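Q: Take this structure, written in C-alpha cells, and hold onto it; I'll ask about it next.
Laboratory data are not the source of any read-out in this text; all were calculated from the coordinates shown. Being a predicted model, the structure only gives us computed values, none of them experimental. All Cβ positions, even for glycine, are placed from backbone atoms using ideal geometry, and neighbour counts span all protein chains on display.
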Protein chains: 2
Amino acid sequence: MTNPYANGLDKNPANYVPLSPLTFLERSAFIYPKRISVIQGEQRYTWKDSYARCRQLASALQQRGIGKGDTVAAMLPNSNAMFECHFGVPMSGAVLNTLNTRLDAEAIAFMLTHGEAKVLITDPEFSAVIKDALALLEGPKPLVIDSLDPEFTGGEALGEIDYETFIDNGDPEFAWELPADEWDPITLNYTSGTTGNPKGVVYHHRGAYLNAASNIISWGMPPHSVYLWTLPMFHCNGWCFPWTLAANAGTNVCLRKVDPTLIFGLIKEHKVTHMCGAPIVYGMLINAPAELKTGIEQTVNGLIAGAAPPAAIIEGAQNMGFNITHVYGLTETYGPASVCAKQPEWERLPIDLQAARNGRQGVRYHMQEAIAVLDPVSLQPVPWDGETMGEIMFRGNLVMKGYLKNEKASEEAFAGGWFHTGDLAVVHSDGYVKIKDRSKDIIISGGENISSLEVEDVLYRHPAVIAAAVVAKPDEKWGEVPAAFIELKAGAACAEADIIEHCRGHLARFKVPKQVVFGVLPKTSTGKIQKYVLRQQAKSALAIE
Amino acid sequence: MTNPYANGLDKNPANYVPLSPLTFLERSAFIYPKRISVIQGEQRYTWKDSYARCRQLASALQQRGIGKGDTVAAMLPNSNAMFECHFGVPMSGAVLNTLNTRLDAEAIAFMLTHGEAKVLITDPEFSAVIKDALALLEGPKPLVIDSLDPEFTGGEALGEIDYETFIDNGDPEFAWELPADEWDPITLNYTSGTTGNPKGVVYHHRGAYLNAASNIISWGMPPHSVYLWTLPMFHCNGWCFPWTLAANAGTNVCLRKVDPTLIFGLIKEHKVTHMCGAPIVYGMLINAPAELKTGIEQTVNGLIAGAAPPAAIIEGAQNMGFNITHVYGLTETYGPASVCAKQPEWERLPIDLQAARNGRQGVRYHMQEAIAVLDPVSLQPVPWDGETMGEIMFRGNLVMKGYLKNEKASEEAFAGGWFHTGDLAVVHSDGYVKIKDRSKDIIISGGENISSLEVEDVLYRHPAVIAAAVVAKPDEKWGEVPAAFIELKAGAACAEADIIEHCRGHLARFKVPKQVVFGVLPKTSTGKIQKYVLRQQAKSALAIE
C-alpha cells in the first residue's frame, strides 16, 4: 500500500515556526501601538512602548554577552520591569529566573549559584536580602542591575547600573530572534522547597505559548481585559499571565503590595476585570471594610488557586459580586493546568453547595492533555466514587521540561509517563478531581485517614476564623491526631472549646482537632500557609507536654 | 562556557503530546456531556453523543482496514455527518477529504482519483453527480456510504451501506490514538482550480489545532457560542470551525441551504451568536424582507471573507445589527489567517469610513506568524503608503503542509520561505493590508493599474446593484479596459448610462468601465463570482464587436 502523504509535505520556513509567547508582544505592539499595556502608579506604557523597551532590554543584555543558555535572575515586585523581563530576557536568548521576593539570603544565594545567573535585576525593596545573598556567593558574581521604581522609596541601590540606564543602551529596533526550537527553555522557576534544596523547574517556549492561550480560552477572557497583578509574577511566571496579557492586548495593572485599600482603589480606578490569587488574597478582600467594596461597576473575574479554597472563601467572594473560578496546578505545570469548569445547573444550588462544587480542582485545562487520579504504584485510575484516594497526575504540553541539573528528580517526577504532583485526591462521579491533601499533609489517626483540608473547611466556616491550618500531631495512642492552628479576624474572640464544639457539629469525632492554637499563621510569599512550620510546632508541643 | 540547560531536559510522554484538535472533542464530551453539540432539524446531539459517534465512525473505518495514509472523501452538506467526519475520520488515522458539493462529475472524479480515496461518504442530494463521478473512475472504486439526512428527501442511495448502519458497527468506546506526530496530515482540501487541475492542500494536526484556538482568541468567542453553519464545511474545513466548536463546547446549528428565511428562523429559534460567510451570504440577508429580520434579541457576530467585502455590504450588515469582522485567508492557510482587527477610534467615524476601515484584510491572526506584502521578486516589503502594490505572503503554523503529490507547485508556493498567495495588495500607514486584486484580476489600461475591486466597490454603492464584477476587456488602444458585469436587485431597473454616470462621480476617468453587462453573475459554490467566466465573456464580446 502506498501512502500518498509520505513525501513532499515537509516543514519549511513558510509553514513551520517555533511557538513562542514572544510573538504575542510583537503582535499587540503592531496592531494596538497606542493601547495601554502597563499601568504602574502614575506611569503608563503603551504596547508600542513595551515592545521597544523589551527589545532594548534584550539588546542591552546581548551587548553584555548574554544569550542562549545564560540565566538572568530577577528579584522584583509586580512592576513594569518584571513584566518586561518576561519578554526582554528570552528575546536575548537567555532564560529568566524569577526569584521569590520573600526568601532569605541563603535560599537566594542557592538559586543564583545553582541557576548560574549571569545577571541579577533587583529592586531596592529587597536590597538587604540581596546584599547578603551576593556576599554568600562563592563563584563569579552576576552583573547586578537596580530597578528603581518611583512607587517605592527606601532600600539601597546595589548594582553597577540602574535598569533605565541599562536599557537606554539597548536598541529599540533590536532584531531579536525566535528560539531555534520551541522546546528551548524560556524561564526557570524554583519550587518553594519546604524540605531539602529547591528544585529548578524549567519551562519551554511551547508550553508558555500554549498556557498563555489556554488562560484566555479556559477562562473565556475577552480581548483587552484589565488585569490586576495580585498574584506574584515570580510565582510560575504569574501563571503565564504576562504572556496572556500580550496575547489579549490587555492592560497590566501593577501592584507592589497585596493591600485591600490599594486593591479596591485600583479595581475602581482602572475598571479591573480580571485578577488571580491564593485564597488568602480573597480572604483579605472579603474581610475588608464594607466601604472599600462599594462602587465597583464592572464584574471582577477572579481565578483562585495556590491552595484548595475553603468553601467559605468561594462563597464570600461570590457574595462580594466577584465571579470566581477555581484552578489548580503547580510550578511544574506552568501554574493552572486544571480548572473547575462551571456547570449551568450549579447556579440553581444553594450557595454552600455551589461553593463545594466550585471548590474542586476539576478537569483539564484546554491545552493540558490530561489530569488523572492514579494509584501511585500501579498507575491505574481510581474509581469515580468520591472516596478512593489516589495521586493527581498530569500529562501534556503544560508540564515542565524537567528540573535543572537534577535528572534523578526529573525521572521520579515523570515516572510511568505521568507527572506526579504529590497531591492526593478523589474523583467524583462527574469526573471532577477533588484534592484531599498533599501526601505529606494527610493525617493518619488510628489507621483512619483524615484530610486536613476537610477539617480546615469546617474551621473556615466559623465566623471568627480568618485563616486555619490543620496538621498531624504525633500521639502515642493514635499515632497522629489533628491539631488546629487558627488566626482570628480582627476584633474577634473565641475559645478552644468553641472551636471544638463547632467541629463536632460538622465532623466525625475522630476528625475533630485535639488541640487548638491561636495566633498569626506563617505564610509563604504566595499566601500558602506554611504547614511544615506548624508541623514542627505541633511536634515540639508534644515534647513539652 | 557551559549551558546548564543542555542536558536532562528532554521530551517524554509526560511533558510532550502532539497537538491535535481531536482532543477538544474528548474534553467537551468529558466536561459537558449533556450540552448540545449539534442541532440538525429536529435532531439533537450532545457532546457525549458526538464523541461516542465519532469513535464509532473511527472504529468502523478501521474495521474496513482504513488507517494511516488513507483518504476518506466526503460529499456532504453542512450536516451532522459532516461534522462527525472531521473527528471520526482522523481518529481512525485517515485523512478527510471534503469535496465541494457544487462541482461536476469530472472534477469529483479527478479528486477521488488524485486523493486515492478509499471511502466516499455521500448525501443523496448529490447522487446524480456522484453516480457519474464513480462511473468515470478507472482505478479501484471506493467504499461508498450514504448519509441519509431526514432533512432531505430525494436523490438516490448509491452505496453499499448507509452511514447510521455503518457507524452502528463501530465501538463507541474505541481506543483511538493521537497522531504519532502533530505534523501528520488531518485533512485534504482541493483548491477551486479555476485554471488547470485543482491542487490538493494538505493540513496537519498542529495547524488545525492552532487555528481552532486562534478562531476563539482572534474573534473573542465566549465559551458555549451558538454557531450557524452558513459557511460550507467543505470549504477549508469550514475555516476550522468544527474543531473550534469542540474547543468552545458550543453548539453547531446545521444548515443544508443558504436561504434567508431558513437562516433568520434558525438565528431566532436557537439564539445563534456566531456565523461565517462570503459577502454574498450577508448580501442575501441584508436584502431580505424586513419582516424576516425583526425579533433577533442577541447580537449576531459574523466573520466575513471569501472575497474582499464591498463597503456597502459591511455597512449593510452593521445597519442590520450584526457585528461583522472581516477576515482573510486561503485554502492554503486553513481559512482565516488574517483579521481586520477593529480599533476603538473607528467607532467615531461616519459609517462609510468605518466600513472602509473594516474592509481591509488587516493583520495577522493570533496564531499565524506573519502576513506581509512583498515585492514578488525581491521579497522586500512594500512601503506603508497605501499605494505601492506587492503580493500578500504568509508565514507560520497556519500554512499548509503542501500540495499533495505536487512538489513543483509546493516549491513555487513556498519560494523564499513565504507562502505566496497570488493576491496583490498595499499596506496602509497603520500596517493594515488591503487587497487590491488577484494578480490575474488586475486591469492594466494604458500602462496604469486599475484595481477591479476599487471599481466594484463603487458599483456596489449604486442602490440598484446586488452583485458586481469588473474584469479586463482586451482593447486595441489601451491594452485592456474595465468591463462591468452587474446583477440588479429584484425589481430594480437601471441602464448602462446610469452606471457609467455613477462611476464617473467616484472614480478617475480611466477607471470607469467602458462596457456594462446586466445579468445573473456566475458564482462558485462558496459564493465567489467566477471572474474567469466573465473574462472569457468580455473577450468574446470583443471578438463580436
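Q: Quick one: which residues, 5 or more positions from A:Ala467 or on another chain, have an amide H under 5 Å from its amide H? H modelled 1.01 Å from N in the peptide plane, none for Pro or chain starts.
A: Counting only residues 5 or more places away or on other chains, the set is A:Glu487.
Q: Classify region B:120-210 from the C-alpha gyration tensor, please: rounded if a/c falls under 1.5, else prolate or oblate depending on whether a/b exceeds b/c.
A: The shape class here is oblate.
Q: While we're here: Looking at the square roots a ≥ b ≥ c of the eigenvalues of the Cα gyration tensor of region B:398-545, which shape do they give, rounded for a/c under 1.5, prolate if a/b is larger than b/c, or oblate?
A: Judged from the Cα gyration tensor, region B:398-545 comes out prolate (a/c at least 1.5, a/b above b/c).
Q: Report the net charge of residues surrounding B:Asp168, where surrounding means a beta-carbon distance below 11 angstrom and charges are Lys +1, Arg +1, Asp -1, Glu -1.
A: -2
Q: Related question: How many percent of DSSP beta bridges within the protein assembly as shown run antiparallel, rounded to 5?
A: Roughly 55 percent of the DSSP beta bridges within the protein assembly as shown come out antiparallel.
Q: Okay, next question. Taking the label point as lying 7 angstrom from Cα along the Cα-to-Cβ axis, what are the distances from A:Leu379 to the corresponding position in the remaining copies, in ascending order and in nanometres?
A: Label-point separations across copies, in nm and ascending: 4.4.
Q: Considering the dipole of chain B built from charges on the beta carbon (Lys and Arg +1, Asp and Glu -1) around the Cα centre, which of B:Val72, B:Gly422, B:Asn215 is farthest to its positive end?
A: So the residue we want is B:Asn215.
Q: Oh, and also: Rg and Dmax of region B:377-433, Cα atoms, in Å?
A: Reported Rg and Dmax, both Å: 12.9, 41.
Q: Now a separate question. Which chain A residue comes nearest the axis with its C-beta when you rotate A onto B, and by how many angstrom?
A: Nearest Cβ to the rotation axis, residue and whole-Å distance: A:Ala213, 3.
Q: Considering amide H positions built from the backbone, and no H for Pro or chain starts, which residues 5 or more places from A:Tyr334, or on another chain, come under 5 Å of its amide H?
A: HN-HN under 5 Å from A:Tyr334: A:Met400.
Q: A follow-up question, please. Got a sec to turn the phi values of region B:461-474 into Karplus ³J(HN,Hα) couplings, 6.51 cos²θ - 1.76 cosθ + 1.60 with θ = phi - 60°, whole Hz, x for Gly and Pro?
A: Those phi angles translate into 7, 6, x, 8, 8, 9, 8, 8, 9, 10, 10, 6, 10, x Hz.
Q: So for region A:278-424, averaging the separation of alpha carbon pairs under 8 Å that are six or more residues apart and normalising by length, what relative contact order in percent results?
A: On the way: 226 pairs, mean separation 25.0, N = 147.
Value for region A:278-424: 17 percent.
Q: List the GluC sites (Glu not before Pro) within region A:78-142 that fall in a DSSP loop (any state other than H, G, I, E or B) and whose Cβ has at most 14 other Cβ atoms within 10 Å. Mind dumping the intermediate values first?
A: Details: sites: A:Glu84, A:Glu106, A:Glu116, A:Glu125, A:Glu138; in loops: A:Glu116, A:Glu138.
Within region A:78-142, the qualifying GluC sites (Glu not before Pro) (loop, at most 14 other Cβ atoms within 10 Å) are A:Glu138.
Q: Pull up the cross-link candidates among the lysines for B:Lys48, meaning alpha carbon to alpha carbon under 20 Å and not fewer than 8 places away within one chain.
A: Excluding near neighbours in sequence, the set is A:Lys342, B:Lys34.
Q: Using a simple charge model, +1 on the beta-carbon of Lys and Arg, -1 on the beta-carbon of Asp and Glu, nothing else, what dipole does region B:160-231 show about its Cα centre, in debye to the nearest 20?
A: 680
Q: How many Cβ atoms of partner chains, on average, are near each residue of B:357-367 if near means within 10 Å of its Cβ?
A: Per-residue shielding by partner chains comes out at 3.
Q: Evaluate the relative contact order of chain B (contact order divided by residue number), counting alpha-carbon pairs under 8 angstrom at least 6 apart; express in whole percent.
A: Answer for chain B is 11 percent.
Q: Could I ask something else about it? Can you tell me the Rg and Dmax of region A:218-370, counting just the alpha carbons, in angstroms?
A: 14.7, 44
Q: Cα centroid distance between region A:232-286 and region B:467-545, in Å?
A: Using only Cα atoms, the two centres lie 58 Å from each other.
Q: Oh, and also: Using +1 on the beta carbon of Lys and Arg, -1 on that of Asp and Glu, and nothing else charged, what's the dipole of the protein assembly as shown about the Cα centre, debye to 20?
A: For the protein assembly as shown, the charge dipole is close to 740 debye.
Q: Follow-up. Based on Cβ point charges of +1 for Lys and Arg and -1 for Asp and Glu, what charge dipole magnitude is obtained for region A:427-509 about its Cα centre, in debye rounded to the nearest 20?
A: 100
Q: Provide a whole-number value for the mean count of partner chain Cβ atoms within 10 Å of the Cβ atoms in peptide A:482-490. It would help to have the intermediate numbers written out before the result.
A: Working: counts 0, 0, 0, 0, 0, 0, 0, 0, 0.
Whole-number average of other-chain Cβ neighbours for A:482-490 is 0.
Q: Return the long-range amide H neighbours of B:Thr187 (sequence gap of 5 or more, or a different chain), with a cut-off of under 5 Å between placed amide H atoms.
A: When sequence neighbours closer than 5 places are left aside, the close amide H contacts are B:Leu96, B:Tyr203.
Q: Which whole-number percent gives the relative contact order of region B:418-545, counting Cα pairs below 8 Å spaced six or more residues apart?
A: It comes to 20 percent, rounded to a whole number.
Q: Copy-to-copy spacing for A:Ala180, label 7 Å out on the Cα-to-C-beta vector, in nm, shortest first?
A: 2.6
Q: Just report the Cα centroid separation between region B:290-353 and region B:66-129, whole Å.
A: Going from one Cα centre to the other spans 31 Å.
Q: Projected onto the charge dipole of region A:172-329 (+1 at Lys/Arg Cβ, -1 at Asp/Glu Cβ, origin at the Cα centre), which of A:Pro172, A:Asn323, A:Ala290 gives the Cα projection farthest towards the positive end?
A: A:Ala290
Q: With each run of n ≥ 4 DSSP H residues scored as -39500 (n - 2.57), what mean residue ellipticity at 222 nm is computed for chain B after dividing by its residue count and rounding to the nearest 500 deg cm²/dmol?
A: On the way: 18 runs with 171 residues, N = 545.
That comes out to -9000 deg cm²/dmol.
Q: Got a sec? How would B:Met320, B:Met233 order by Cβ neighbour count within 10 Å, fewest to most?
A: Ascending number of Cβ neighbours within 10 Å: B:Met320, B:Met233.
Q: Calculate the mean, over all residues of peptide B:15-24, of how many other protein chain Cβ atoms lie within 10 angstrom of the residue's Cβ.
A: Counting other chains' Cβ atoms within 10 Å and averaging over B:15-24 gives 6.
Q: If you don't mind, there's one more thing I want to ask. What pairs in B:Lys489/B:Lys511; A:Lys141/A:Lys528; A:Lys405/B:Lys11; B:Lys434/B:Lys528; B:Lys268/B:Lys293 have C-alpha atoms more than 21 Å from each other?
A: B:Lys489/B:Lys511; A:Lys141/A:Lys528
Q: From the square roots a ≥ b ≥ c of the eigenvalues of the alpha-carbon gyration tensor of region A:200-261, which class results: rounded (a/c under 1.5), prolate (a/b over b/c), or oblate? Present the calculation step by step, with values, prior to reporting the outcome.
A: Values: a/c = 2.35, a/b = 1.19, b/c = 1.98.
Oblate shape, in that a/c is at least 1.5 and b/c is the bigger or equal ratio.
Q: For B:Pro522, which inter-copy label distances result when the label point lies 7 Å beyond Cα on the Cα-to-Cβ vector, reported in nm to one decimal and in ascending order?
A: 8.3
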